[in-house]
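S.K.: One structure is given below, represented as structure tokens, and several questions about it will come after.
Laboratory data are not the source of any read-out in this text; all were calculated from the coordinates shown. On a predicted model such as this, the values are computed, not experimentally measured, just so you know. Note that we place each Cβ from the backbone using ideal geometry, even for glycine, and neighbour counts take in every protein chain shown.
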Amino acid sequence: MQSASTTNTPQHVAIIMDGNGRWAKARGLSRSAGHQKGVETLRQVVRTAGEAGVQYLTLFAFSSENWSRPQEEVGFLMGLLKKFIKRDLAELRSENVRVKIIGGRENLQSDILDLLIEAEENTKQNNGLNLVIAFNYGARDEIARATKRLAADIKSGALLPEDVCEAKISSYLDTSDIPDPDLIIRSSGEQRLSNFLLWQAAYAEFVFVDELWPDFTKDVFHRALSTYCQRDRRFGGVESAKLIATS
């Protein structure tokens, strides 16, 4: 995808795609229809992110808690995932998009796991937009899995307890090779993280938009980016000299 990056463009944008069910209900449609429309929105957002110069786009596609939804709905979502990868993988590859999957992989059905691996392998040479799909993902689960691996390395002697620090913990997370998100967007008017990137979001900026995910247009995305650009990110410090000078 073509990059039109500016110094104010967030390097990493993460999105909680919320509101498919409510969008469908408001129109007298099935939840499946809402999810189908949501996939169309997802495709547009990927294009828009690349055009805006975003380097990393993380999408919360399916949480580790979503398995508790009705079996019919889960089955439909798995079908959408399969269709998305099979239909869109070639285009993503041709558009220089690199796909990475984060989330637990244990106990996934072999056909799903094979597709996730295929998406990563077939795009690993690309160096454009990094599309990170959070699938079977929960931040607490991620931290627990990372902690187990870290503890095992300490037990084996590969790691000393005094070597454990924030950077070391980060290196055990699913996102070890991804910068922390600069901006996290949530659609549908809800204002919570829902177990998404809890560690990584420590200094992220948040933008909550009222539009349900199927209504998340290119203009809504750019509005969120514009809001981010007006923020003064201090990371625990004081106001930037630029803002102080103009205040």
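S.K.: With each pseudo-label sitting 7 Å past Cα toward Cβ, what's the CYS229-ALA26 distance in nm, one decimal?
M.R.: Reported label-point gap for CYS229 and ALA26 is 2.7 nm.
S.K.: I need the P(r) histogram for region 99-247: all alpha carbon pairs, bin width 5 Å from 0 out to the longest distance, whole percents.
M.R.: 2, 7, 13, 15, 17, 17, 14, 8, 4, 3, 1, 0
S.K.: So how far apart, in nm, are the two label points at LYS86 and PHE206 if each is 7 Å from Cα heading toward Cβ?
M.R.: Reported label-point gap for LYS86 and PHE206 is 3.9 nm.
S.K.: Mean 1/r over all different Cα pairs, inverted: what Kirkwood radius does region 117-182 give, in Å?
M.R.: Answer for region 117-182: a Kirkwood hydrodynamic radius of 13.8 Å.
S.K.: Something else about it: Report the residue, chosen from TYR137, TYR203, TYR56, that carries the largest GNM mean-square fluctuation when the chain is represented by alpha-carbon nodes joined by springs under 10 Å.
M.R.: TYR203
S.K.: Once the Cβ-Cβ distance between GLN109 and TRP199 is put in as r, and R0 is 22 Å, what FRET efficiency do you end up with, to the nearest 0.05? Mind showing how you got there, number by number?
M.R.: Working: r = 28 Å, r/R0 = 1.27.
Taking R0 as 22 Å, the efficiency between GLN109 and TRP199 is 0.20.
S.K.: Magnitude of the Cβ-charge dipole of region 1-107, K/R +1 and D/E -1, about the Cα centre, nearest 20 debye? Spell out each step's value before the answer.
M.R.: Values: 16 positive and 10 negative charges, 51 e Å.
That gives region 1-107 a dipole magnitude of about 240 debye.
S.K.: Something else about it: With an 8 Å cut-off on Cα pairs and a minimum separation of 6 or more residues, tell me the relative contact order of region 1-138 in percent. If you can, show how the numbers build up before the last one.
M.R.: Numbers: 203 pairs, mean separation 44.0, N = 138.
Relative contact order comes out at 32 percent.
S.K.: Using just the helices of the chain, give the 222 nm mean residue ellipticity in deg cm²/dmol: DSSP H runs with n ≥ 4 each add -39,500 (n - 2.57), and the total is spread over all residues, rounded to 500. Show your work: numbers first, answer last.
M.R.: Working: 8 runs with 106 residues, N = 247.
Helices in the chain give a 222 nm mean residue ellipticity of -13500 deg cm²/dmol.
S.K.: Averaging sequence separations of C-alpha pairs under 8 Å and six or more residues apart, then dividing by the length of region 100-247, give the relative contact order as a whole percent.
M.R.: 19
S.K.: Remind me, what semi-axes does region 86-141 give for its equivalent ellipsoid, largest first in whole Å, using sqrt of 5 times each Cα gyration tensor eigenvalue?
M.R.: Numbers: eigenvalues 90, 36, 12 Å².
The answer is 21, 13, 8 Å, longest axis first.
S.K.: Here's a follow-up. What is the gain in length, in nm to one decimal, between GLU190 and ASN66 on full extension, counting 0.36 nm per residue of separation less the C-alpha to C-alpha distance?
M.R.: 42.9 nm
S.K.: For the chain, what does the relative contact order come out to in percent, with C-alpha contacts under 8 Å and a separation of six or more?
M.R.: Values: 371 pairs, mean separation 65.3, N = 247.
Result for the chain is 26 percent.
S.K.: Determine ³J(HN,Hα), in whole Hz, for all residues of region 150-159 in sequence, where each value follows from phi through the Karplus function 6.51 cos²θ - 1.76 cosθ + 1.60 and θ = phi - 60°; x replaces Gly and Pro.
M.R.: Karplus-based 3J(HN,Hα) across region 150-159 equals 5, 5, 5, 5, 5, 4, 7, x, 6, 9 Hz.
S.K.: A follow-up question, please. Considering amide H positions built from the backbone, and no H for Pro or chain starts, which residues 5 or more places from GLU205, or on another chain, come under 5 Å of its amide H?
M.R.: Placed amide hydrogens put LEU183, ILE184 under 5 Å from GLU205.
S.K.: Please build a GNM for the chain, connecting alpha carbons under 10 Å apart, and tell me which residue among LEU80, LEU29, LEU173 fluctuates the most.
M.R.: Highest fluctuation of the listed residues: LEU29.
S.K.: Which trypsin sites (Lys or Arg not before Pro) does region 108-205 hold that lie in a coil by DSSP with at most 13 other beta carbons within 10 Å?
M.R.: On the way: sites: LYS124, ARG140, ARG145, LYS148, ARG149, LYS155, LYS168, ARG186, ARG192; in loops: LYS124, ARG192.
Filter output for region 108-205: LYS124, ARG192.
S.K.: Then there's this: Within region 95-113, whose backbone N sits under 19 Å from a point 7 Å along Cα→Cβ of ASN122?
M.R.: Correct set: 95-102, 109-113.
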